[in-house]
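A quick write-up on the structure given underneath.
Values in this text are rule-based calculations from the coordinates and carry no lab data. In this text, all values refer to a predicted model and were calculated from it rather than measured experimentally. With ideal geometry, Cβ positions are generated from the backbone for all residues, glycine too; neighbour counts draw on all protein chains shown.
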Amino acid sequence: MTVKQIGCCGAYCGTCKELTKEFCAGCKLGYEEGKRDINRARCKMKVCCFKEKKLETCADCSEYESCQIIRAWFDKKGYIYKKYRESIEFIRKYGYDVFLEQADQWKGPYGKLS
């Protein structure tokens, strides 16, 4: 388990079925090794967080509270967006190590946090 497996939005790729079945490359995986080109990324959040600000996730961003990109993402309807927001806010409060201890028990990109 590694911070690199946490998407900018709070998704945890380490246990994601889509990633393990190779249907998804994850949010950040492959860019540092040159297997993927960040300049071709369509996700505004990934471009802002990972490419421009060089952060691991939006949890590290000093502009988190006022960021229109992350707000638009979390304001979407759907359970998954609520869970990703919980992940980012959990990381901001408790840190990556505590988050990863819990996330590594999940069956997919989000789960229960205590």
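Going by how many other Cβ atoms sit within 10 Å of their own, how do I69, I6, I91, I38 line up, fewest first?
I38, I69, I91, I6
Put a dot 7 Å past each Cα toward the Cβ at V98 and V47; how far apart are the dots in nm?
Placing both labels 7 Å beyond Cα along the Cβ direction yields 3.5 nm.
What is the range 65-106 by shape, rounded, prolate or oblate, if you read a ≥ b ≥ c off the alpha carbon gyration tensor as root eigenvalues and call it rounded for a/c under 1.5, prolate for a/b larger than b/c, and oblate otherwise?
Cα axes put the range 65-106 in the oblate bin.
Which value, in debye to the nearest 20, describes the size of the charge dipole of the chain about its Cα centre when Lys and Arg Cβ atoms bear +1, Asp and Glu Cβ atoms bear -1, and nothing else is charged?
500
Run the helix sum for the chain: -39,500 (n - 2.57) per DSSP H stretch of 4+ residues, divided by residue count, reported at 222 nm to the nearest 500 deg cm²/dmol.
Per the formula, -8500 deg cm²/dmol.
Give me Rg/Rg_expected for the chain, where Rg uses Cα atoms only and Rg_expected = 2.2 N^0.38 Å with N residues.
Here the answer is 0.99, to two decimals.
Neighbouring Cβ atoms within 10 Å as the yardstick, rank Y81, Y12, Y31 fewest first.
Ordered by Cβ neighbours within 10 Å, fewest first: Y81, Y31, Y12.
Using Cβ counts within 10 Å as a stand-in for footprinting exposure, how do R71, R42, R36 rank, fewest first?
R42, R71, R36
Determine the alpha carbon to alpha carbon distance for each of K83/K107; K4/K35; K51/K82 and list only those over 20 Å.
Distance filter (> 20 Å) returns K51/K82.
Can you list the aspartates and glutamates whose alpha carbon sits under 14 Å from that of K54, skipping same-chain ones fewer than 8 residues off?
Those aspartates and glutamates meeting the cut-off are E32, E63.
Sequence neighbours fewer than 8 away in the same chain don't count; with that in mind, list the aspartates and glutamates whose C-alpha is under 16 Å from K112.
Candidates past the 8-residue exclusion: E86, E89, D97, E101, D104.
Quote the relative contact order of the chain in percent (integer), defining contacts as alpha-carbon pairs under 8 Å separated by 6+ residues.
Value for the chain: 35 percent.
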